[in-house]
């Protein structure tokens, strides 16, 4: 897996629609892997998984960027719970 080229890191794009408050909103969901490369060799040593949601907005609407970041998996939640435990 590691050391592979970025050619196998394609992004999957799907189109969806949701109705909120009686208004239909179309959006695009993208999922893929971002390769992390060694500066000296260029080899991939890790990959970050991402999901991006983009609302299809009319051109007249101002841009409204929003970012959510979640680091880790189930163990991160356990570590957070332990870190916030009162002693």
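The values are calculated or read from the model by the stated rules, or taken from the named source; none is laboratory data. Quick caveat: nothing in here was measured; it's all calculated off a predicted structure. We place every Cβ from the backbone using ideal geometry, glycine too, and count neighbours over all the protein chains shown.
Computed quantities for the displayed model
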quantity: Test: residue in region 54-66 that is at pLDDT 75 or above and part of a strand (DSSP E or B); calculated: yes
quantity: Of the criteria (1) at pLDDT 85 or above; (2) out of contact with any helix residue (DSSP H, G or I) (no Cβ under 7 Å at 6 or more places or on another chain), which one residue 69 fails; calculated: (1)
quantity: In region 18-35, the residues that are free of Cβ contacts under 8 Å to residues at least 24 places away in the same chain and either assigned to a strand (DSSP E or B) or under 23 Å from the mean Cα position of the chain (by Cα) (or both); calculated: 18, 19, 20, 23, 24, 31, 32
